[in-house]
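Here, each number is a calculation from the coordinates, and none is a lab measurement. Keep in mind that this is a model prediction, so the values were computed, not measured. All Cβ positions, even for glycine, are placed from backbone atoms using ideal geometry, and neighbour counts span all protein chains on display.
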Amino acid sequence: MQYITNKLLKLLAILIIMLISSTDANAVSAIDSFDDEVNNDRGLPRQHMNDSMTGGNTTTSHFFKSGVMHIKGDIEPPRGQPGWASTVLLLSPDGTPINADKYQGIRVKLRINRGMVSLSANSTEVTNFDYHAALLSAPIDGNFHEINIPFDSMKRAWSEQTKLNTQTINSLSIVAFSMQKASFDFQIDEIAFY
């Protein structure tokens, strides 16, 4: 009887380890479900900014309804620079990086109505604001689309191409941008590491 009990306990331990490993390998960590109008899922306030900080005249509006953040506005870039409007999602209260090594990338569920939108993973190793980013491309068809952005597909725009160090990410930015006057209008339902 003791032999059977020991075998069952070992089998149970193996099953638990397999379950934990399997769960961790497919882990999804919510960053923002946009259920709160001020804070992301980590309890940290979103930061909204645009190029008016650097001489542009971009205007931005944010609306929240049923767990969806709606962002729209008009980009009017500063002379000789791209125009932009950004929503920053902090990952820790003091700006320290988190370790995202166990994830493959970032998942976004959004609907683009007009304009160009990108997502950046902001690393503490990047000092010139040229963060690893990816264009969020989805049909303009009135539907929400889930986009998976692998970390290794994210690139820097003007700096030397380096691999994103997923142990140094302290925030994510959702950015509408244009080189000339343009309107943008998009909605985000959720964003998470996957």
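Please work out the C-alpha center-to-center distance from region 65-96 to region 150-184 and express it in whole Å.
Result: 12 Å between the Cα centres.
If you fit an axis through the alpha-carbon atoms of helix 2-25 and take the longest principal axis of the Cα set of the chain, what angle between them do you get, 0 to 90°, nearest 10?
Helix 2-25 and the main axis of the chain meet at about 10 degrees.
For region 28-193, what does the alpha-carbon gyration tensor say about shape, rounded, prolate or oblate, given a ≥ b ≥ c as the root eigenvalues, a/c under 1.5 as rounded, and a/b over b/c as prolate? Please report the intermediate quantities before stating the final value.
Numbers: a/c = 1.44, a/b = 1.13, b/c = 1.27.
Because its axes are fairly even, with a/c under 1.5, region 28-193 counts as rounded.
Lysine pairs in region 28-193 with Cα distance under 30 Å, only those 8 or more apart or on different chains: how many are there?
12
Rounded to the nearest 500, what is the 222 nm mean residue ellipticity of the chain from helices alone, with -39500 (n - 2.57) per DSSP H run of 4+ residues and division by all residues?
Working: 1 runs with 24 residues, N = 194.
Rounded to the nearest 500, it is -4500 deg cm²/dmol.
Take each of the peptides 134-142, 171-179, average the number of other beta-carbon atoms within 10 Å over its residues, and list them starting from the highest. Working shown, then result.
Details: 134-142: 13.0, 171-179: 21.1.
Going by the mean number of other Cβ atoms within 10 Å, highest first, we get 171-179, 134-142.
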